[in-house]
Amino acid sequence: MIRSDLESALARDDSPSTRAAHLTLQVGADFVLLSEGHQAVSAQQLWDIWTFRHQTMLETGDTPRPGLAEAVGGLQAAGTSLVRLAKITSPQQRFVIFLTEDLTRCTACVG
């Protein structure tokens with residue numbers, strides 16, 4: 001995946017976390033497609049994992065990362081669709097991006 005492809009996928013989503021990830025990427029943040037060379041995974045499976053993380057944070061009084069609740073909703077809405085993961089990192093921020101299997105749209109973003 002090249003930078004402009006990820007920028008295009010992020011530009012199609014209007015959530016606050018996705019907009020922040022897009023801006024961070026545009027100013028030169030590093031990115032990596034985590035699932036490169038691996039098969040995509042079901043959004044339902046990731047929904048189970050991230051819902052558990054979100055609930056645990058709420059139960060323990062930890063502040064969830066920005067966009068986590070919205071990402072859980074996005075993964076739930078994606079159902080059994082296959083998604084791929086990407087990560088954007090800068091010295092100030094880190095984002096986990098959930099992309100459609102074809103890498104053209106952002107399903108959810110945490111960060």
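At a glance:
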item: Top positive-direction residue, dipole computed over the chain with Cβ charges, set T56, L6, Q44; result: L6
item: Sequence of D62, D30 once ranked by neighbouring C-beta atoms within 10 Å, starting from the fewest; result: D62, D30
item: GNM result for the chain, Cα springs below 10 Å: residue of V96, V27, V72 fluctuating most strongly; result: V27
item: Sparsely packed GluC sites (Glu not before Pro) within the stretch 1-97, loop by DSSP, other Cβ within 10 Å at most 15; result: E36
item: Top of I49, I88, I97 by mean-square fluctuation, Gaussian network on the chain, Cα under 10 Å; result: I49
item: DSSP-loop trypsin sites (Lys or Arg not before Pro) across the stretch 1-109, with at most 13 other Cβ within 10 angstrom; result: R12
item: Karplus-derived 3J(HN,Hα), 6.51/-1.76/1.60, for each residue of the stretch 78-88, Hz, glycine and proline x; result: 6, x, 8, 4, 8, 10, 10, 9, 9, 9, 10
item: At R0 = 30 Å, FRET efficiency that the Cβ-Cβ distance of V27 and M1 yields, to 0.05; result: 0.95
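Throughout, read-outs are computed from the coordinates displayed, never taken from laboratory work. All of these numbers come straight from a predicted model, not from anything done at the bench. Cβ atoms come from the backbone with ideal geometry, glycine included; neighbour counts cover every protein chain shown.
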